[in-house]
1. Over what distance in Å are the Cα centres of the range 493-518 and the range 443-458 separated?
2. ³J(HN,Hα) across the range 368-380 via Karplus (A = 6.51, B = -1.76, C = 1.60, θ = phi - 60°), whole Hz, x for Gly/Pro?
3. ³J(HN,Hα) across the range 423-440 via Karplus (A = 6.51, B = -1.76, C = 1.60, θ = phi - 60°), whole Hz, x for Gly/Pro?
4. Beta carbons within 10 angstrom, averaged per residue: use that to sort the peptides 157-170, 366-379, highest first.
5. Taking 0.36 nm per intervening residue step and subtracting the Cα-Cα distance, what contour gain separates Gln442 from Glu566 on full extension?
6. Quickly work out the Lys73-to-Thr198 label distance, labels modelled 7 Å from Cα along the C-beta direction, and quote it in nm with one decimal.
7. Order these peptides, 523-529, 237-243, 648-654, by their mean beta-carbon neighbour count within 10 angstrom, highest first.
8. With each run of n ≥ 4 DSSP H residues scored as -39500 (n - 2.57), what mean residue ellipticity at 222 nm is computed for the chain after dividing by its residue count and rounding to the nearest 500 deg cm²/dmol?
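The values are calculated or read from the model by the stated rules, or taken from the named source; none is laboratory data. All values derive from a computational prediction rather than experimental measurement. Using ideal geometry, Cβ is built from the backbone for each residue, glycine included, and neighbour counts are taken over all protein chains shown. Just the protein is used for accessible areas: all its heavy atoms, side chains included, with ligands, DNA and RNA removed. Shrake-Rupley method; radii C 1.70, N 1.55, O 1.52, S 1.80 Å.
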Amino acid sequence: MNSQVVTNPEDIARLYRELSLFPSLSRADVGPVVTSQYGGKYSNIYTEWSQRDLDRNENVNFCRQYIVFHDDKSVVYSGASGNCTEIKGELQSKDSPSGDMKAVVRECTIKGEDKQFLEIWSKNIKMKSINLTALKKHGKVYEDDQFGCLVWSHSETHLLYVAERKRPKAKSFFQSESPELSSIGDEEETVSSEEKETVKGEQFVFHEDWGEGLVGKSCPVLCVLDIEGDNVSVLEGVPDNISPGQAFWAPGDTGVVFVGWLHEPFRCGLKFCPNRSSSLYYVDLTGGKCEQLTSGTSAVSSPRLSPDQCRIVYLECAVFGPHMQCSRLCMFDWYTKKTSVVVDVVNRPGEDGFTGIYSSQLSRQCWSADSQRVIVSCPQRSRKDLLMVDTSTGSVTSLTSKSDVGCWCLLNIERDLMVVSCSSPNCPPRLRVGFLPPRDSQEELVWVTLEDSQMLPEIDWQILTFTPPPEQDNSQYPGLDFEALLIKPKEVKDGVKLPLIVTPHGGPHSVFVADWFLYSSVLCRMGFAVLMVNYRGSTGYGQDNILSLPGNVGTQDVKDVQFAVESVLKGDEFDMQKVAVSGGSHGGFLACHLIGQYPGFYKACVSRNPVTNLASMIGSTDIPDWCMVEAGFDYTTDCLPDPAVWEQMLNKSPIRYVTQVQTPVLLTLGEDDKRVPSKQGIEYYRALQAKKVPVRLLWYPGNNHSLSKVDAESDGFMNIALWIIQHLWK
Ligand SMILES: CSCC[C@H](NC=O)C(=O)N[C@@H](C)C(=O)N[C@@H](CO)C(=O)O
């Protein structure tokens, strides 16, 4: 075999183990400014990381702190303060604004029972530990990014968080009454309040939840802990037809502002679906009155209050339609009660290259100290950059587009000190800080690295741009181009042609930005080139690019990927007899389409939780609207099955081409997938078996759509790598 590919399973596992050690940055908090008696200033930076632990088969979370000496506008000196500490059992934590206290929502098991506590720490003492489970005021606390929050009031006397609404205990009509609780004769009835609330016949009522990644989360409620009084109250006044989340204290702690998602007539999947009907609301704490602050005709998310507590920025996009779209950055003026559009949707990027805002979530803190600017990290074509938005002019300036780093994520900004994670396909995440220069200043932004990582010199990467041939241009949205990330070994022995693994992303409205990808990095270190295709329909290229795909899935996206592959193969770097395709979800849809529409071209196929039949998916997925929209139909909640629609859906699905498939297929399915039900993969599996096409199915219990638990991710990688090797060199 004239190649330089690592094929020994032990060597592959060693490479995976080595590269999986690199942690990812999940959070950073900036502590208060401390001034020494000599006038020197410093702030503590608290960071949280996540790392795969293959031996414990879990993702381990840990924190590390740093000290940054500064003069409020530049970093003078910085360094780590102490080593890492593993974080266990902490669902949420948040320092108070002054930094004097820290709140922690902790989950622990006592005598076999899961319990949740809300702890208040001050200096070196745990001042309070409130047993939320015993209080029985609500269900489990929400720790997710969709609804969850843990917010100190400006006065530092109250804490705001989100939990599941308390559900009355249900019992059977035939359950015998427990004697000590029933009254006999003149004995005082001593029925506990809980017993009084118990309802019969409700044990098996279906409670729909918010779908993939939010399983069991159905009716969130806003909860407030009065720290001094030690009591928890569930906020009243929230309309019955909405699910509240992403809450924070209004100016002066007069009430609470939050996002409310409409959950009537039914809930659909909400994770990665920022197009769900939602509005900003305000509940006044004194009168309990609830006021809707935005129109209710759009989808909003990520409301963020300015430091001067005068304005709220938030993201807005259209309801239904493509699940990820170009967002508007809007602003609500607290005192005039007026909303305005700061940055509108960008249909086609202009001369300045700004392609629009694509983000389902602003960082927890994103305002500059002067309450005039907002920092957004979002995809700009195949990069992810930091954008500075001037909220009074709407101007957008990239702070990082000239950098050779491909991916910048804003973790936090406090008093203009930004904390960021930056990475590239050949460089795992690094932690950097830098002061945002004053408004209208020409000063250069200077980044200081707090935690470096190891650049991998063996990995080379570049961004390729493609213009579809005229016959593949989209007549409704003409002139669109697209890109791909090409990741390949830096050193290639003379005469060796690289094997190529083609990876279209899922979504379809998402994007591969030049970030650190574990799978691609290991495959590259094994000797493969990886082509990660951002076909038309990807986010980050303008709204027209996104809108060009719905109704054309299964053709335009498939042709874009094939065009990119054939363009790359024209060079003599790659071995066109050793090309594999691998994708997940909609990426799996594309992988199955490619092997059906180009029989024999791909020598191996890997498909993770693939969409294989839109018609059979619509009745079982948490995103039925996605099936209709991507097939080219408008969706309404009362739409019913229609044979003509199902025929179109079938025609656009990979299952339609399964009779042409020759390529061996590896399917990896998550048992708990609510997004693309595993029956999709099994339907395709059976069709291949019937055709006697080599097919292998891996089934991962306890895993959902992302297959991101350590066991599925690591076992999945080994099987994918060996499947590709087996069939590229047979
Ligand atoms: C982050 S884009 C997700 C878009 C879409 N959201 C809701 O419908 C979605 O979940 N699409 C799936 C079919 C899909 O392709 N998911 C991708 C991207 O998350 C995946 O790799 O799982």
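1. Cα centroid to Cα centroid, the span is 24 Å.
2. Here the 3J(HN,Hα) series is 6, 4, 7, 6, 10, 10, 10, 9, 10, 9, 7, x, 10 Hz.
3. Computed from phi, the couplings for the range 423-440 are 7, 8, x, 10, 8, x, x, 10, 9, 10, 10, x, 8, 5, x, x, 4, 6 Hz.
4. Result, highest mean first: 366-379, 157-170.
5. Here the segment from Gln442 to Glu566 would lengthen by 40.1 nm.
6. With each label placed 7 Å out from Cα toward Cβ, I get 6.9 nm.
7. The most tightly packed comes first, giving 523-529, 648-654, 237-243.
8. -4500 deg cm²/dmol
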